[in-house]
Amino acid sequence: MRPELSSIQAGFEAVAVDRVPTAWSSVDASMGGGLPLAGLHEWFAEGASWAPLGVLVHLAWQRLTKELREGGPARGVFWIGRRVWPYPRSLVGALRGGLDASPSDSPADTTLLDASVFLDASSAAERLWCAEQCLRCRGAACVVMDGAGFDMAATRRLQLASSRLPGECGVLALSGRPWEERRLLSAATTRWVTRPCAVAGSAEPSWEVELLRWKGGALHDAGVVQASAAWERSTG
């Protein structure tokens, strides 16, 4: 059995993995074009017990944008667990810049809001089950989950569920986890941390994004990049 599993794994590794551009130039350059669609990506907000929702919303936009640019329909984006449910206003393109954004200045883009499905799963077992089912669904483009309490076995299951067969449309698997779980063992492909920062010349909320671990890859100079709400609104 073990030789057969090794052969299957080698077959997957031989196939080029599709990627989602993050719109962060240093990250995309270092990772061969963006986040791999085969694998789990964990996100932590430094010092916080909740997920970095602004970054997760941005990446969900990036996934749908890639699909639409390739001529496909916008498949579903699943938000699993209330701690990763973003405020609906943040899912509307022209309104993500804050209360002063004017719909008349820029038409509201409801693509992400229309594609979003919110699943009210509370316990770690319920969230894990929902995430596995969504990751295996052909109608899913992106799955954003509350990963609090997921152990090594759970992340291995999610890694497996997020790996599609060659030729199938990939799904972007994002897990938001509390800061205090950053030292727990995980099978995730990448691990990231975000922290608030100040960007010169911008009054918008801004943050740094740092790549902590890339399983099977090298960090190179992708370590820290900066992003702001104003930048996100212009590229979403």
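Just to be sure, is CYS137 modelled with pLDDT under 95, among the hydrophobic types (A, V, I, L, M, F, W, C) and surrounded by fewer than 20 Cβ atoms within 10 Å (Cβ to Cβ)? When the stated conditions are applied, CYS137 passes them. Only residues that are under 15 Å from CYS169 (Cβ atoms), outside any strand (DSSP E or B) and aliphatic (A, V, I, L, M) were counted across the stretch 62-84, and they come to 3. Put simply, of ARG82, ARG89 the only residue that is of a type in the set (Lys, Arg), surrounded by fewer than 18 Cβ atoms within 10 Å (Cβ to Cβ), at pLDDT below 90 and within 22 Å of ASP146 (Cα to Cα) is ARG89. Checked against the criteria, ARG195 counts as in a strand (DSSP E or B) and modelled with pLDDT under 90. For the criterion of being in contact (Cβ under 8 Å) with a residue 40 or more places away in the chain, assigned to a helix (DSSP H, G or I) and among the hydrophobic types (A, V, I, L, M, F, W, C), ALA29 passes. Among the numbered conditions (1) modelled with pLDDT of 95 or more; (2) touching a Cys at 6+ places or on another chain (Cβ under 7 Å); (3) closer than 18 Å to ASP18 by Cβ, the only one that LEU119 does not meet is (3). Restricting attention to the stretch 126-143 and to residues that are assigned to a helix (DSSP H, G or I) and in contact (Cβ under 8 Å) with a residue 40 or more places away in the chain, the residue that is farthest from LEU37 (Cα to Cα) turns out to be ARG127.
Can you report the number of residues in the stretch 49-61 which are assigned to a helix (DSSP H, G or I) and either touching a helix residue (DSSP H, G or I) at 6+ places or on another chain (Cβ under 8 Å) or of a type in the set (D, E, K, R) (or both)? Matching residues across the stretch 49-61 total 7.
The values are calculated or read from the model by the stated rules, or taken from the named source; none is laboratory data. In this text the structure is predicted, and so the values were computed from the model without any measurement. Note: ideal-geometry Cβ built from the backbone for every residue, glycine included; neighbour counts use all protein chains shown.
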